Amino acid sequence: MKDRIYVCHTYYHVYVACLKELNLEREKRGNATLVMSTMSNDFGDLEERAKACGLFEAVYMFDEKEDVNFPEIMKYHVDRGNLLFNLLARIRYTKLLGKAQKPYVPVDFKEYKDIYVFCDSDPIGYYLSYKKIHYHALEDGLDCISTYDTARYDNRGHFKLKAFLAALNLIFIQNGWGKYCLDMEVNDISVLPYPCPKYIEQSRQELADALTKADQALLVRLFIANIEEIQEKLSVGKDKILLLTEPLCELRVREQIFRDCINLYGQKEGAESVILIKPHPRDLLDYEEKFSEHIVLDRKFPMEVLNYIEGLTFSRVISVFTVVRNIRFAEEIIYLGEDFMDKYEDPRLHRQNEEI
């Protein structure tokens, strides 16, 4: 049996997988397998750097397929206007979506003692349940369930009945409710409004705090291929303000959101500020073109890696929804949240936990 395998869908997932590996005893490192799903993220050349970093025994890309790629499955994903008929269709959908992944899965998961899956709401969760393989789930983003409990939101109405069916593996529910999910690792149980019996807590800040200087340097090399270019951009001006973007709304509205962020919070009184924009890896707005008057950083690394660039300090960091609790490179943090977003879209689209 092989030791561990991580299934990641984002740069942040890979970052947390690295944190977990770096917190092991040195003799246990280098035995894990890393799988990166291309379903919703472009990892660029991270595969080659991950293979060379020494943390992983093997690295694979996973051409995970969404349900929309299979018309024969999507016909079971329509509202039939009746709870019983919907559940019967969902039972069929659950099995077929899991089965459909078989040609694309790059490894034999049964060879691994411990399987760690970020975002098991994606087809990989259905696949492992279809194959009856136990796994550990991990929280998709930092404290993301505190504002968006996807398991309960996606299953609003008769949740207890659906959770019961998921426990029997008749249907699938993510984030700790599936039969073959052993546990669901979250950052902080105390901030989660709804319980799940499989939640276990592992502070990601505790994992980060345990890193040595050499570990931090390894993460910078792994995630930032053009570190010299990044450092040159970061060296400009004493009063630097960082704007963290996200794939919010449609592109036109998204551009307006971040222009408003800059206009409202991009200048500190009595200071000549320089604006730097860190696009989210899945944010496809062309910031180089739309915000050419500002400095745009590479989108292809997790924001948390900036914590490990020695001497880096921003006078202010601006975020709409990105959780900034673990940022250590900012003198001031402005988190805008739901009230700010209410001005740009229907509040029901971002106040999910209030809709449960």
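Data for the structure
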| quantity | calculated |
| --- | --- |
| Sole exception among (1) free of Cβ contacts under 8 Å to residues at least 60 places away in the same chain; (2) within 22 Å of G337 (Cβ to Cβ); (3) within 16 Å of the chain's Cα centre (by Cα) for Q267, by number | (3) |
| Residues of the stretch 139-165 that turn out to be within 23 Å of G81 (Cα to Cα) and touching a helix residue (DSSP H, G or I) at 6+ places or on another chain (Cβ under 9 Å), as a count | 13 |
| Options R282, R252: the member that is surrounded by fewer than 19 Cβ atoms within 10 Å (Cβ to Cβ) and part of a helix (DSSP H, G or I) | R252 |
| Any pair with Cβ under 8 angstrom, 6 or more apart, that starts in the stretch 25-36 at a residue that is exposed (fewer than 15 other Cβ atoms within 10 Å of the Cβ) and ends at one that is of a type in the set (F, W, Y) | G30/F56 |
| Residues of the stretch 190-206 classified as over 20 Å from Y135 (Cβ atoms) and either of a type in the set (A, V, I, L, M, F, W, C) or touching a strand residue (DSSP E or B) at 6+ places or on another chain (Cβ under 9 Å) (or both), total | 3 |
| Only listed residue being of a type in the set (D, E) and under 30 Å from K179 (Cβ atoms), chosen from E255, E201 | E201 |
| Count of residues meeting criterion [surrounded by fewer than 16 Cβ atoms within 10 Å (Cβ to Cβ) and under 14 Å from I241 (Cα atoms)] in the stretch 300-327 | 1 |
| Qualifying residue in the stretch 53-62 (condition: surrounded by 15 or more Cβ atoms within 10 Å (Cβ to Cβ), in contact (Cβ under 8 Å) with a residue 40 or more places away in the chain and assigned to a loop (DSSP other than H, G, I, E, B)) | yes |
| Boolean, D260 is part of a loop (DSSP other than H, G, I, E, B) and either farther than 16 Å from T322 by Cα or out of contact with any Leu (no Cβ under 9 Å at 6 or more places or on another chain) (or both) | no |
| Subset of the stretch 106-121 (residues that are in a loop (DSSP other than H, G, I, E, B) and surrounded by fewer than 23 Cβ atoms within 10 Å (Cβ to Cβ)) | P106, V107, D108, S121 |
| Residues (in contact with a Phe, Trp or Tyr (Cβ under 7 Å, 6 or more places away or on another chain) and more than 22 Å from D239 (Cβ to Cβ)) located in the stretch 263-299 | P281 |
| Segments classed as strands (runs of 3 or more DSSP E), wholly inside the stretch 168-248, with at least 3 members that are touching a residue at least 24 places away in the same chain (Cβ under 8 Å) | 181-186, 240-244 |
| Candidate set: the stretch 297-356, residues that are of a type in the set (F, W, Y), in a loop (DSSP other than H, G, I, E, B) and closer than 19 Å to R259 by Cα; chosen: the one farthest from the chain's Cα centre (by Cα) | Y344 |
| Where H158 falls short, out of the listed (1) in contact with a strand residue (DSSP E or B) (Cβ under 8 Å, 6 or more places away or on another chain); (2) of a type outside the set (S, T, N, Q); (3) under 30 Å from A89 (Cα atoms) | (1) |
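This table checks each residue for (1) aliphatic (A, V, I, L, M); (2) touching a helix residue (DSSP H, G or I) at 6+ places or on another chain (Cβ under 8 Å); (3) closer than 24 Å to R204 by Cα.
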site	(1), (2), (3)
Q267	no, no, no
S273	no, no, no
L276	yes, yes, no
R282	no, no, yes
K290	no, yes, no
P302	no, yes, yes
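Read-outs throughout are calculated quantities, based only on the coordinates presented, and are distinct from any laboratory measurement. Please read all numbers here as calculations on a predicted model, not as lab measurements. Counting neighbours? That spans all protein chains shown, and the Cβs are built from the backbone with ideal geometry, glycine included.
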